[in-house]
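The values are calculated or read from the model by the stated rules, or taken from the named source; none is laboratory data. Remember, predicted model here, so these are calculated numbers, not experimental data. Heads up, the Cβs are rebuilt from the backbone with ideal geometry, glycines too, and the neighbour counts pull from every protein chain shown. Note: areas computed on protein heavy atoms with side chains; ligands, DNA, RNA excluded. Shrake-Rupley method; radii C 1.70, N 1.55, O 1.52, S 1.80 Å.
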Amino acid sequence: MGNWRIAIGWVCLLALLPWLSHANQQEASTSTSSALKEAGPNLASVNAAVAVAGDNELIFGKNADRSVPIASVTKVMTALVVLESGEPMNEWLTFHKRHTPAAANAYSRIRVDSQMRRKDVLRIALMSSENFAAYTLARNHPGGFGAFIDAMNAKAVALGMKGTRFVDPTGLSSENLSTAADLVKLVNAAAAYPEIREYSTTGYFRGQFRKPRYSLSFGNTNALVHRDSWGVGLSKTGYLSEAGRCLVMVSKMNGKEVVTVLLDSLGTRSPLGDAGRIKRWLDTGARGSVAAAARRYEQEKNASYATAGNSTVSLN
């Protein structure tokens, strides 16, 4: 009887071995994945978020819940409000002189009182970050400029962007604030619109105006839209001295469309370098490295945020 019981025990153990091996492999895989997420890529950007397109859950975040100025990344929300207003995209809009002074330099080559179709005004606001275009879109919104700002903030609430507020449609005001995690939600919502995808990734565009009749050339502010290997499906850059260099983007990484949000980088090319480090991290797990100057900039900005009472410093 004893030998029979021992034999049955060995049979059960042998039957369990494949399952135990699979469970251990899954546990090891989960542990490795968690460690990879925790370590994350080294980035020059002070605040960042990475997510699979269409999913608001972050793959990686760096100070992702800190509310900071977002400069012209604002224009993604501007585009969303314009399209959801339902106003005709072929309507000719007039570029009226600003009714209030811009919070920062608002130079434009567009002539006051000239006209352009709404769809083209939106295109140059996105691809070339044309501030007068973004202002004109808001000025021609049903109910006017103030109603447009209200609509921007209402949309932020609807999307669950709890760390976000807008005071202007261009991003020239440093009082336009958001978080990297919130901007993932915004980019995912905006990416549902083919117009935003197309307009924001247009490489070059010759805009046609009337009254008087003239044309102007515009180029995209994100160099990566010109590189087919990146497969950029949505893009917006931004810069203010208070915001640093910023970039939000949907692009192909590791066989998937990925949302990248990079806020407050030191140099013009720093966001592009960070995008490359994120891409390599997703492909290989390599964390990469950043220049000493970028690390010093990050330390200074974190100290500045702490002094201002916005001291969240985290990887999540």
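Ranking 121, 142, 104 by Cα position along the charge dipole of the range 100-214, where only Lys, Arg, Asp and Glu carry charges on their C-beta atoms, puts 121 farthest toward the positive end.
Here is the tail figure for the range 48-137: Cα pairs spaced more than 16 Å apart come to 62 percent of all pairs.
Among the listed pairs 155/211; 97/155; 75/97; 185/256; 62/256, which are separated by more than 24 Å between their Cα atoms?
Listed pairs above 24 Å: 155/211; 97/155.
Taking each residue as 0.36 nm, the span from residue 283 to residue 257 lengthens on full extension beyond its C-alpha to C-alpha distance by 8.1 nm.
Of 277, 109, 295, the residue with the greatest mean-square motion in the GNM of the chain, using alpha carbon springs below 10 Å, is 109. Computed over the range 31-153, relative contact order equals 20 percent, with contacts defined as Cα pairs under 8 Å that lie 6+ residues apart.
With a 1.4 Å probe rolled over the protein heavy atoms of all chains, the accessible area of 201, 78, 100 falls in the order 100, 201, 78, largest first. Highest mobility in the GNM of the chain, judged by mean-square fluctuation with C-alpha springs under 10 Å and restricted to 191, 286, 223, is found for 223. Which shape class, rounded, prolate or oblate, goes with the range 205-253 when its Cα gyration tensor gives a ≥ b ≥ c as root eigenvalues, a/c under 1.5 marks rounded, and past that a/b bigger than b/c marks prolate? Cα axes put the range 205-253 in the oblate bin.
Figure note: 195, 130, 175 ranked by solvent-accessible area, largest first, 1.4 Å probe, ligands and nucleic acids not counted: 175, 195, 130. Taking 0.36 nm per residue of separation and subtracting the current Cα-Cα distance, fully stretching the chain between residue 192 and residue 175 would add 3.4 nm.
In a reduced charge model with +1 at each Lys and Arg Cβ and -1 at each Asp and Glu Cβ, the range 161-316 shows a dipole moment near 380 debye about its Cα centre. Per residue, the chain reaches -13500 deg cm²/dmol at 222 nm when only DSSP H runs of four or more residues are counted, each adding -39500 (n - 2.57). So which DSSP H runs in the chain come out at 24 Å plus along the axis (Cα) with average Kyte-Doolittle of at least -0.5? Those that clear 24 Å and a mean of -0.5 are 2-39. Heavy-atom accessible area, probed at 1.4 angstrom with all protein chains present, ranks 214, 135, 107 as 107, 214, 135, highest first. If a/c stays under 1.5 just call it rounded; otherwise compare a/b with b/c (prolate if a/b is bigger, oblate if not). Do that for the range 139-178, with a ≥ b ≥ c from the square roots of the Cα gyration tensor eigenvalues. Because a/c hits 1.5 or more and a/b fails to exceed b/c, the range 139-178 counts as oblate. The list [x] 28.0, 89; [y] 25.5, 99; [z] 23.9, 104 gives values of Rg and Dmax of the Cα atoms in Å, and only one came from this structure; which label was calculated from it? Correct label is [z]. The length gained by stretching the chain between residue 268 and residue 303 to full extension, at 0.36 nm per residue less their Cα-Cα distance, is 10.4 nm.
If the reach is capped at under 12 angstrom between alpha carbons, list the aspartates and glutamates near residue 162, excluding any in the same chain fewer than eight residues apart. Result set, ordered by chain and number: 65, 182. Let a ≥ b ≥ c be the square roots of the eigenvalues of the Cα gyration tensor of the range 216-291; is it rounded (a/c under 1.5), or, if not, prolate (a/b larger than b/c) or oblate? Judged from the Cα gyration tensor, the range 216-291 comes out oblate (a/c at least 1.5, b/c at or above a/b).
Across 256, 162, 185, mean-square fluctuation computed from a Gaussian network of the chain (C-alpha pairs under 10 Å connected) peaks at 256.
Extending 7 Å from the Cα toward the beta-carbon at both residue 87 and residue 210 defines two label points whose distance is 1.8 nm.
In this structure the chain gives 47 Å² per residue of accessible area when probed at 1.4 Å with all protein chains present.
About the Cα centre of the range 72-211, what is the dipole size in debye to 20, counting +1 per Lys and Arg Cβ and -1 per Asp and Glu Cβ, all else neutral?
Values: 18 positive and 12 negative charges, 77 e Å.
Once rounded to the nearest 20, the dipole reads 360 debye.
Put a plus charge on the Cβ of each Lys and Arg, a minus charge on the Cβ of each Asp and Glu, and nothing anywhere else: the dipole of the range 204-261 about its Cα centre is then about 360 debye.
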